[in-house]
Amino acid sequence: MYFSYFKLPYIVSKFEAHKELKNELLERFYNEGLNLSLKNSNNNRTESFTASDWYVDQLGMRKYWHWFLPHLLEHIHPLLVDNYSDTYEIENQWMSSYRKNDFLDWHVHRGCNYSFIYYVELEDKKDATLFRDPHTKEEFQPEIQEGDIIMFPSMVQHSSPIIKTDSIKTILAWNIK
């Protein structure tokens, strides 16, 4: 059997409207009345987060997402046209906030082509997403800063490392087909 090692194909872009929109996006996320999972203990071996709307009904568009999407599309549409396609479907948007001892274990996103993570809050760069080669198990962490958006193939294994300090990480994530 032969495995070909390839570098992770990803794109990191700076969301120019980050400083302007960050606080309102966070306020809308926490005040939307989504009955957020707070201090989730669903399966403490695979995940722990301070707040997330992942487990809230995924069928409807979040109010914060409806407000945020036009700003986001100004940024990501040209990126998608240049690197993917001019026709795409955005699905499964969610936000998660991580504090000390929170994490998300290795996983992939099935049924989609690309995934995106927008780092709304990232106080410590070493809390950014880790990626892993499924064959060699080699881990890789791109240079990410608060306000960055990373686009990567959905089938690539990734995780949120354990937050070991009092720093905060809040992400907005979504997938496309």
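Where a number appears in this text, it was derived from the coordinates with a stated rule and is not lab data. Quick caveat, the model's predicted, so the values are computed rather than measured. Cβ atoms come from the backbone with ideal geometry, glycine included; neighbour counts cover every protein chain shown.
In the chain, helices alone account for a calculated mean residue ellipticity at 222 nm of -6500 deg cm²/dmol, with every DSSP H run of four or more residues adding -39,500 (n - 2.57). Bridging of LYS177 to aspartates and glutamates at a Cα separation below 12 Å is possible for ASP86, GLU89, GLU91, once same-chain residues fewer than 8 apart are set aside.
Local charge for ILE176 was computed over the other residues whose Cβ lies under 15 Å away, with Lys and Arg +1 and Asp and Glu -1, and equals -2.
The 3J(HN,Hα) values that the Karplus relation (6.51, -1.76, 1.60; θ = phi - 60°) gives for segment 119-129 are, in residue order, 8, 5, 10, 8, 6, 10, 4, 6, 8, 5, 4 Hz. Gly and Pro appear as x. Checking the a/c ratio against 1.5 first, then a/b against b/c, what shape does the Cα gyration tensor give for segment 11-176? Cα axes put segment 11-176 in the rounded bin.
For the peptides 68-75, 125-132, residues were scored by their other Cβ atoms within 10 Å and the scores averaged per peptide; the highest-first order is 125-132, 68-75.
Is segment 100-177 rounded, prolate or oblate when judged by the Cα gyration tensor, a ≥ b ≥ c being the square roots of its eigenvalues, rounded requiring a/c under 1.5 and prolate requiring a/b larger than b/c? Taking the square roots of the gyration eigenvalues as a ≥ b ≥ c, segment 100-177 is oblate. Summing charges over all other residues whose Cβ lies under 15 Å from the Cβ of LEU69, with Lys and Arg as +1 and Asp and Glu as -1, gives -2. Measuring nothing but how far apart in sequence close Cα pairs (under 8 Å, 6+ apart) lie, relative to its length, segment 11-176 scores a relative contact order of 30 percent.
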